[in-house]
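One structure is given here, and the rest of the page talks about it.
The values are calculated or read from the model by the stated rules, or taken from the named source; none is laboratory data. Values in this document were obtained by computation on a predicted structure and should not be read as measured data. Reconstructed Cβ throughout: ideal geometry from the backbone, glycine too, with neighbour counts over all protein chains shown. Quick note on the areas: whole protein, heavy atoms, side chains included, nothing else; ligands and nucleic acids left out. Shrake-Rupley method; radii C 1.70, N 1.55, O 1.52, S 1.80 Å.
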Amino acid sequence: METSRRTVIAAAAAAGITAATAGTSHATSPGGKPGGKPVKELFGKLADGTKVHRWSLANGGTRLKVLSYGGIVQSLELPDSRGRYRNVSLGFDNLDDYVASSPYFGALIGRFGNRMAQGRFDLDGKTYQLSVNDGENSLHGGAKGFDKRVWDVEGFTSGSDVGLVLHYTSGDGEMGYPGTLKTKVTYTLTRDGDWRIDYAATTDKATVVNLTNHVYWNLAGEGSGSVYDHELQIGASRYTPVDKGLIPTGELAKVSGTPFDFRRPKTPGEDIREAHQQLLHGQGFDHNWVLDKGATARPEHVATLRDPASGRALKVATTEPGLQFYSGNFLDGTLVGTGGHIYRQGDAMCLETQHFPDSPNQPSFPSTVLRPGQTYRSTTVHSFSAR
Ligand code: BGC
């Protein structure tokens, strides 16, 4: 943990700041004591009566609320440099809005993050037709992906860690994907307040897998306006350009001399309005960056996001070879978020660690095939600080 982070947490504790007093406007809950066992409460019921729970956990200054529906991060609260907490993740204060109209706010994404061209792929000589839900393509696992499933959730404490284990078994053929996929996702809050995600999956038939999480970050606080003035750095010299349907062309293009060069920190606002064909396709940034470190056995630092005004910063480390930076382009002022404010274009950004979109149809991209006997593994660590 950085020294500044310790100071902030101490300051917050000294000031007696709690979820109820720290300026969070969403409904308060039992909380989860820092370092204590996660607390479970009823959040709502689905139309068929299935109960959805909300789990609250806290550690090292970070406070997290997670739904059993979609494994959704409903709220992630962080202190600023003066110990003032804000929820930095877009979402809703009720289940109905998540079910009716969520653009994947905070959700677990599976079986396949991002797009699959025409919702189709070939594997071992067979063609599989997937659920198509984005024009002619399949997005984020199809019409009812992992973001819309109720997960089995258990809370744990282990040493100085606090966390949740989420299980979901996706049946053979679900959304068109072959194989029964047993998925286990672990959310851990460490004593330093890092939020770590470990994904694991096994299958009984050859299939493809690409899991991620879809938190929409606004380090100034959800509902507080645009993130175009956040500073973003991404350790990638290349990205994967897309066609009009946001399907990669297969090219790995250099970022050098383009708006896609985030190797040194810059704000998305700096050239999001440049008349670059790729920005027209995405209506902003909505692309996969080819991380210079490649796929790694251990999570390595790939991106830093910082809000200069509040001083809050996020560092992302991952084992994955790709990062989708999506600048919230399709937020269009039609949704009212957790704190009661309308979300508009650019009010948050997603940093989705992943294998490249449409990989099963792109032989030159790293493989996303999972076979019986193998275990899919992926880890992403989010570290926070404030100064
Ligand atoms: C995709 C966007 C999509 C968004 C849905 C992102 O991961 O890259 O194209 O609109 O998810 O909210």
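In the range 154-199, which residues are part of a strand (DSSP E or B), closer than 16 Å to LEU370 by Cα and open to solvent by 30 Å² or more (accessible area, probe 1.4 Å)?
Answer for the range 154-199, where residues must be part of a strand (DSSP E or B), closer than 16 Å to LEU370 by Cα and open to solvent by 30 Å² or more (accessible area, probe 1.4 Å): THR169, LYS182, LYS184.
Given the residues ALA275, ALA303, ALA309, ALA313, which is the only one that is within 16 Å of the ligand (Cβ to nearest atom) and aliphatic (A, V, I, L, M)?
ALA303
For the range 200-238, enumerate the residues that are within 16 Å of the ligand (Cβ to nearest atom) and either part of a strand (DSSP E or B) or under 14 Å from LYS182 (Cα atoms) (or both).
Residues satisfying the conditions are ASN210, LEU211, THR212, ASN213, HIS214, TYR216, TRP217, LEU232, ILE234.
Return the residue satisfying two criteria in turn: it lies in the range 128-147 and is more than 13 Å from the ligand (Cβ to nearest atom) and open to solvent by 40 Å² or more (accessible area, probe 1.4 Å), and of such residues it is nearest to THR190 (Cα to Cα).
LYS144
Just one of LEU314, LEU252 is modelled with pLDDT of 95 or more and crowded, with 18+ Cβ neighbours inside 10 Å; which is it?
Matching residue, one of LEU314, LEU252: LEU314.
Kindly indicate the residue of the range 317-349 that is under 16 Å from the mean Cα position of the chain (by Cα) and away from the ligand (no atom under 15 Å from the Cβ) and also surrounded by the most Cβ atoms within 10 Å (Cβ to Cβ) among those meeting that condition.
The residue in question is THR318.
Suppose the filter is surrounded by 24 or more Cβ atoms within 10 Å (Cβ to Cβ), touching a strand residue (DSSP E or B) at 6+ places or on another chain (Cβ under 6 Å) and either more than 28 Å from THR180 (Cβ to Cβ) or not aromatic (Phe, Trp, Tyr) (or both); does GLY70 pass it? Outline the logic, then answer.
Values: surrounded by 24 or more Cβ atoms within 10 Å (Cβ to Cβ): yes; touching a strand residue (DSSP E or B) at 6+ places or on another chain (Cβ under 6 Å): yes; either more than 28 Å from THR180 (Cβ to Cβ) or not aromatic (Phe, Trp, Tyr) (or both): yes.
Yes: the conditions hold for GLY70.
Listed residues HIS281, HIS301, HIS287; which is at pLDDT 95 or above, under 30 Å from ARG82 (Cβ atoms) and outside any loop (DSSP other than H, G, I, E, B)?
HIS301
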